[in-house]
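Asker: This is the structure, below, for whatever I ask next.
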Amino acid sequence: MTGAASEPLLQVRNLSKLFPVKGSPFSRTRETVKAVQDASLDVGRGEVVGLVGESGSGKTTLGRSILRLIEPTSGEVRFDGVSITALSARQLRPYRRRMQIVFQDPFGSLNPRFTAERIIGEALDTHRLARNRAERRDLIVDLLEKTGLGAAHLSRYPHEFSGGQRQRIGIARALAVGPDFVLADEPVSALDVSVQAQVLNLLRDLQRELDLAMLMVAHDLGVVEYIADRVIVMYLGRIMEVAPARALYSNPVHPYTQALLEAVPRPDPKARRSRTLLKGEIPSPIHPPSGCVFRTRCPIATTECAEVIPPLEETAPGHLKACIRR
């Protein structure tokens, strides 16, 4: 295939996001939180990409900058071959329909004064996707049924649902406008463990049925293991490793990825592990370490690591890491 059809649906190049913060009352200089630094990634049509890292690594900021829910400081985002970074709000509106988000908090993201019918129906109304009230209601019922609910839930309010059910409504709302791309921002982290697998299975089934491209944000590599085609590992605003999911889980090449995988619970307690444990706390994004940002917690760091910012380099087909150690 050639042309636009062969290009990734989403292309992000050198995206950075800095947040200014107030400095000391006795200082004239203003400091900045370096939330995302020079991040580049692709998401293919119908592909699920996992974006993983500890809290504070910049995953959510990167995802929301891609959608322009927050404005990136620099870099470019291309969607379906079009640079959307500098589009006006009016020009961006058609792309809003094609790029949707499932939020982390299934209660805080739903208006407590709206019924499920109104929450989902707002998206249909905004983009004028229903010709009349009957068609609008039928579309909403169909979305509820696809997400494991039904017509009986139309008139209920968010407080009348469980956490898992509220997240299903959030998923239905995201799918109401027929998007091509969905950002799932830690969609199960606020849910009980008993319902996390149900919501993940639902997302996987809907993604396959609708052929959606998806960026799945998570702090746990175990969450994306069975849903992602590729995985991106992020630390302190920078991308550390990118690989096909099977390659990353079987042969992680970055020490940070290795440590994250060691922390994933396994069903066999006797399974041998190398015990690559992280030491210390994640540094402040206001004053990240020089060179490789992971070096202060890396078990194999050398003095050279403080001097060089490692580029993402390919170690095998489709497998990249940002580390100067071979």
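The values are calculated or read from the model by the stated rules, or taken from the named source; none is laboratory data. Everything numeric in this text was worked out from a predicted model, so none of it was measured. Heads up, the Cβs are rebuilt from the backbone with ideal geometry, glycines too, and the neighbour counts pull from every protein chain shown.
Asker: Is it true that residue 151 is surrounded by fewer than 19 Cβ atoms within 10 Å (Cβ to Cβ) and either touching an Asp or Glu at 6+ places or on another chain (Cβ under 9 Å) or at pLDDT 95 or above (or both)?
Answerer: Values: surrounded by fewer than 19 Cβ atoms within 10 Å (Cβ to Cβ): yes; either touching an Asp or Glu at 6+ places or on another chain (Cβ under 9 Å) or at pLDDT 95 or above (or both): yes.
Yes.
Asker: When you look at residue 18, is it surrounded by fewer than 21 Cβ atoms within 10 Å (Cβ to Cβ), of a type in the set (A, V, I, L, M), at pLDDT 95 or above and on the phi < 0 side of the Ramachandran plot, yes or no? Step through it out loud before you land on a result.
Answerer: Details: surrounded by fewer than 21 Cβ atoms within 10 Å (Cβ to Cβ): yes; of a type in the set (A, V, I, L, M): yes; at pLDDT 95 or above: yes; on the phi < 0 side of the Ramachandran plot: yes.
Yes: the conditions hold for residue 18.
Asker: For the list (1) crowded, with 18+ Cβ neighbours inside 10 Å; (2) small (Gly, Ala, Ser); (3) not in a strand (DSSP E or B), I need the number of the one condition that residue 75 fails.
Answerer: Every condition holds for residue 75 apart from (3).
Asker: Determine, yes or no, whether residue 167 is assigned to a loop (DSSP other than H, G, I, E, B) and either of a type in the set (D, E, K, R) or out of contact with any Lys or Arg (no Cβ under 6 Å at 6 or more places or on another chain) (or both). Walk me through how you get there before you give the answer.
Answerer: Values: assigned to a loop (DSSP other than H, G, I, E, B): no; either of a type in the set (D, E, K, R) or out of contact with any Lys or Arg (no Cβ under 6 Å at 6 or more places or on another chain) (or both): yes.
For residue 167, the condition - assigned to a loop (DSSP other than H, G, I, E, B) and either of a type in the set (D, E, K, R) or out of contact with any Lys or Arg (no Cβ under 6 Å at 6 or more places or on another chain) (or both) - is not met.
Asker: Scan region 233-244 for residues that are within 15 Å of residue 43 (Cα to Cα), buried (at least 19 other Cβ atoms within 10 Å of the Cβ) and in contact with a Gly (Cβ under 7 Å, 6 or more places away or on another chain) and report the count.
Answerer: Number of matching residues: 2.
Asker: Let me confirm something: among 103, 107, 114, which residue is of a type in the set (Phe, Trp, Tyr) and either modelled with pLDDT of 95 or more or touching a Cys at 6+ places or on another chain (Cβ under 9 Å) (or both)? Show your work before the answer.
Answerer: Working: 103 fails: either modelled with pLDDT of 95 or more or touching a Cys at 6+ places or on another chain (Cβ under 9 Å) (or both); 107 fails: either modelled with pLDDT of 95 or more or touching a Cys at 6+ places or on another chain (Cβ under 9 Å) (or both).
That would be 114, the only listed residue that is of a type in the set (Phe, Trp, Tyr) and either modelled with pLDDT of 95 or more or touching a Cys at 6+ places or on another chain (Cβ under 9 Å) (or both).
Asker: If you don't mind, another one. Which numbered condition in (1) touching a residue at least 40 places away in the same chain (Cβ under 8 Å); (2) surrounded by fewer than 18 Cβ atoms within 10 Å (Cβ to Cβ); (3) touching a strand residue (DSSP E or B) at 6+ places or on another chain (Cβ under 6 Å) is the only one that residue 30 fails?
Answerer: (1)
Asker: Also, I was wondering about something else. Given (1) surrounded by 21 or more Cβ atoms within 10 Å (Cβ to Cβ); (2) under 30 Å from residue 248 (Cβ atoms); (3) in contact with a Ser or Thr (Cβ under 8 Å, 6 or more places away or on another chain); (4) among the hydrophobic types (A, V, I, L, M, F, W, C), where does residue 70 come up short, assuming only one miss?
Answerer: Condition (1) is where residue 70 drops out.
Asker: Restricting the search to region 156-203, which residues are more than 16 Å from residue 144 (Cα to Cα), in contact (Cβ under 8 Å) with a residue 60 or more places away in the chain and of a type outside the set (S, T, N, Q)?
Answerer: Within region 156-203, 179, 180, 181, 182, 183, 184, 185, 186, 187, 190, 191 meet the criteria.
Asker: Only one of 143, 149, 124, 139 is assigned to a loop (DSSP other than H, G, I, E, B), within 20 Å of residue 210 (Cβ to Cβ) and not basic (Lys, Arg); which? Outline the logic, then answer.
Answerer: On the way: 143 fails: assigned to a loop (DSSP other than H, G, I, E, B); 124 fails: assigned to a loop (DSSP other than H, G, I, E, B); 139 fails: assigned to a loop (DSSP other than H, G, I, E, B).
Of the residues listed, the single one that is assigned to a loop (DSSP other than H, G, I, E, B), within 20 Å of residue 210 (Cβ to Cβ) and not basic (Lys, Arg) is 149.
Asker: Right, something else. If you take the residues of region 96-121 that are over 20 Å from the mean Cα position of the chain (by Cα) and of a type in the set (S, T, N, Q), which of them is surrounded by the fewest Cβ atoms within 10 Å (Cβ to Cβ)?
Answerer: 111
Asker: Please work out if residue 93 is crowded, with 19+ Cβ neighbours inside 10 Å and either touching a strand residue (DSSP E or B) at 6+ places or on another chain (Cβ under 8 Å) or closer than 30 Å to residue 57 by Cα (or both). Break it down into steps so the answer makes sense when it comes.
Answerer: Values: crowded, with 19+ Cβ neighbours inside 10 Å: no; either touching a strand residue (DSSP E or B) at 6+ places or on another chain (Cβ under 8 Å) or closer than 30 Å to residue 57 by Cα (or both): yes.
No: the conditions fail for residue 93.
Asker: Can you find, within region 154-178, the residue that is farthest from the chain's Cα centre (by Cα) among those that are crowded, with 19+ Cβ neighbours inside 10 Å and of a type in the set (D, E, K, R)?
Answerer: 166
Asker: Only one of 252, 267, 317 is modelled with pLDDT of 90 or more, under 29 Å from residue 203 (Cβ atoms) and exposed (fewer than 12 other Cβ atoms within 10 Å of the Cβ); which?
Answerer: Working: 252 fails: exposed (fewer than 12 other Cβ atoms within 10 Å of the Cβ); 267 fails: modelled with pLDDT of 90 or more.
After applying the criteria, what remains is 317.
Asker: For region 131-143, state whether one or more residues are β-branched (Val, Ile, Thr), more than 24 Å from residue 80 (Cβ to Cβ), over 20 Å from the mean Cα position of the chain (by Cα) and at pLDDT 95 or above. It would help to see each step written out before you state the result.
Answerer: Initially, region 131-143 is screened for residues β-branched (Val, Ile, Thr), giving 140-141.
Then keep just the ones that are more than 24 Å from residue 80 (Cβ to Cβ); that gives 140-141.
Those left that are additionally over 20 Å from the mean Cα position of the chain (by Cα): 140-141.
Right, trim to at pLDDT 95 or above and you get 140-141.
Yes - at least one qualifying residue is present in region 131-143.
Asker: Continuing with the same structure: What residue, among those in region 270-290 that are touching a helix residue (DSSP H, G or I) at 6+ places or on another chain (Cβ under 9 Å) and closer than 19 Å to residue 31 by Cα, is modelled with the lowest pLDDT?
Answerer: Looking only at region 270-290, we keep the residues that are touching a helix residue (DSSP H, G or I) at 6+ places or on another chain (Cβ under 9 Å), and these are 273-283, 289-290.
Remaining after also requiring closer than 19 Å to residue 31 by Cα: 282-283, 289-290.
Values: 282: 88, 283: 92, 289: 95, 290: 95.
My answer is 282.
Asker: Can you say whether residue 109 is touching a helix residue (DSSP H, G or I) at 6+ places or on another chain (Cβ under 8 Å), within 27 Å of residue 218 (Cβ to Cβ), of a type in the set (Gly, Ala, Ser) and not in a helix (DSSP H, G or I), as far as the supplied structure shows? Lay out the reasoning, then the answer.
Answerer: Working: touching a helix residue (DSSP H, G or I) at 6+ places or on another chain (Cβ under 8 Å): yes; within 27 Å of residue 218 (Cβ to Cβ): yes; of a type in the set (Gly, Ala, Ser): yes; not in a helix (DSSP H, G or I): yes.
Yes, satisfied.
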